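Shown next, in structure tokens, is the structure this report addresses.
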Amino acid sequence: MDEVQRQELDLLLYQMLENEASPEQIARLNAILSEDAEALRYTMDFYLVASALRKSTVIPSASLGTQDEIDEQFHLLKIFAEEERVAPSIELPEEEEEPAAEPVRRTAAFRPDRQKAALWVLVASMAALVVFFASIKFLPEREPVAFVAETVEPRWQNGEEGLKVQDLLYNTDEPRILRSGTLEVEFYSGARAVIEGPAEFVCKSDNMLSLAYGRVYARVPDYASGFTVLANGMRIVDLGTEFGVLANVDCSVELHVTKGKTSLVTGRGEQDVYSVQAGQARRVRDGGATVEEIALKEAGFVQRIDTKTQMVWKGQKTLNLADMVGGGNGLGTGCLECGIDPANARGMRMDVYYYERFPEADNRYRTVDWHPFIDGVFVPDASQGPQVISSRGDIFDQCPKTNRHYYVSIVNGTQQSFGSGGPGLALNGVYYGNAESPAIFIHANQGITFDLEAMRQALKGIGILRFESVGGISATAPEYGLADLYVLVDGKVRFFQPAVQKGQFCRISIPLEPKDRFLTLAAVTHPGKQVPAGYNEEHGDWCLFGAPVLRLEP
């Protein structure tokens, strides 16, 4: 039996062990075993060792499809089988004969050339052996292989109560149908899979997911390499990477690899193996007969979810802070012209009542308990003592004295005309405060602090690289605007633009480190500002942070 024949036999035996052999493969295996005594002995060794290790954790339970992965999975099995086959015979000492006993007759060694007569008996017994191992496959011991790590609004088939966070998934479970919503499963191997409804799936082992239809995005650490997704007869084998799989009801399959590389194994009979690497994608149709290159869908799959914040992240490169001010999660779920009142930290909507407000508040820091990513708000004024700007107690040392007045509140943009100014917000010819060009309208004197660490936790390890924005006073503001803009990180001033006037703007780009916790934006009426009699000191200070985003790791 040469190397090519051995590789073919390995694949057939593995398919039989996993109960995935096609009728053609079964017939081929029977033919090999009937004609080749060495192959038969190899097969007996293979199954005997597999039986002994079936309940051992030494051999991973992932199902692999390429010859390289098969060789790796059964490396230990083969070592044990080869050791048993080539181990030298042990000479036992002869027993001393009793004087009256007949001389001991030693049985001749059983030699290969005498096995031919027994081959047909062994071949006949192979059917019973295959049935035995198939029964192990059909009736595996029930054991947990994964658990539910996160959920976001899952709805299950027929409205039944479905899986919840920390629920266990077993290797003997029936397929589950997720009608809508999103579920993240963590396998005991360390791999994680985000499943989007509608989808039908089952966790076959601690390193394998079977997907009848739907979308799944897998994140696999190096130590869980070999994680496998089965979809419509295709096998996607991870080699330490992140990838998305779309299984359609028409039996076509798409594979999109964002990091690392995978092996795509098509078909059940004559299998083709494709290496698909980061930045590449493939579509498989006609049962594996057609494999074509397609464009990578970078944001085509949900990659991270968070139960606490209901964050659903599809690989977007930025988080929108204006959207958060409007009650959203930074990914477009917020409300335009909604915001937060710094006097009480409550949510608000712009209306005539707010247009006509000229409120005043003390400089206490007020936490925003109802939003996971906004730590708190304040009306800056150093005349009442140190200005606290975080729930941790960070101090804004350079905060000036103000009259503690502000206008409207801190708002996610504005499109309407109000006061004596023009419609909306504008800087450098761009109209801000809408979905396409978001903005935080932060009329002096107000400040807001965002919790960067809470965002990192919701993103499950995705790093935040920098804060970017365009700051200024809107060109649509009334006259006499004159304000100072601040950006602080953990109480330290990282950006300061004094004496900004109507229509003036400045670009802001601040690198952020993993240790940075709080990001604060503040607008303060410029000290010494002069306005005509009858005007409030903060009149015309229509400050905004246009396109305020946190740029994420690529």
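The values are calculated or read from the model by the stated rules, or taken from the named source; none is laboratory data. The structure presented is a predicted model; accordingly, all values stated were derived computationally and were not measured. Glycine also receives a Cβ, built like all others from the backbone with ideal geometry; neighbour counts cover every protein chain displayed.
Could you please find all residues in segment 12-31 being assigned to a helix (DSSP H, G or I), in contact (Cβ under 8 Å) with a residue 60 or more places away in the chain and either farther than 18 Å from Arg41 by Cβ or aromatic (Phe, Trp, Tyr) (or both)? Across segment 12-31, the qualifying residues are Tyr14, Glu24, Gln25. One residue alone among Arg215, Arg192 is more than 24 Å from Gln15 (Cβ to Cβ) and in contact with a Lys or Arg (Cβ under 6 Å, 6 or more places away or on another chain), and that residue is Arg192. The strands (runs of 3 or more DSSP E) found entirely in segment 368-440 that carry 2 or more residues being farther than 14 Å from Met324 by Cα and modelled with pLDDT under 95 are 425-427, 430-432. Within segment 452-479, the set of residues being surrounded by fewer than 23 Cβ atoms within 10 Å (Cβ to Cβ) and of a type outside the set (A, V, I, L, M) comprises Glu453, Arg456, Gln457, Lys460, Gly461, Gly463, Arg466, Glu468, Thr476, Pro478, Glu479.
Residues that are of a type in the set (A, V, I, L, M), assigned to a loop (DSSP other than H, G, I, E, B) and out of contact with any Ser or Thr (no Cβ under 6 Å at 6 or more places or on another chain) within segment 441-452 comprise just one, Ile442.
Scan segment 231-238 and give yes if some residue there is part of a strand (DSSP E or B), under 23 Å from Glu254 (Cβ atoms), in contact with a Pro (Cβ under 7 Å, 6 or more places away or on another chain) and not charged (D, E, K, R), otherwise no. Don't jump to the end; show me each part of the working.
Here is the first cut: in segment 231-238, the residues part of a strand (DSSP E or B) are 231, 234-238.
Right, trim to under 23 Å from Glu254 (Cβ atoms) and you get 231, 234-238.
From what's left, in contact with a Pro (Cβ under 7 Å, 6 or more places away or on another chain): none.
No, the conditions are met nowhere in segment 231-238.
Of the residues making up segment 304-341, those that are of a type in the set (S, T, N, Q) and surrounded by 22 or more Cβ atoms within 10 Å (Cβ to Cβ) are Asn320, Asn329.
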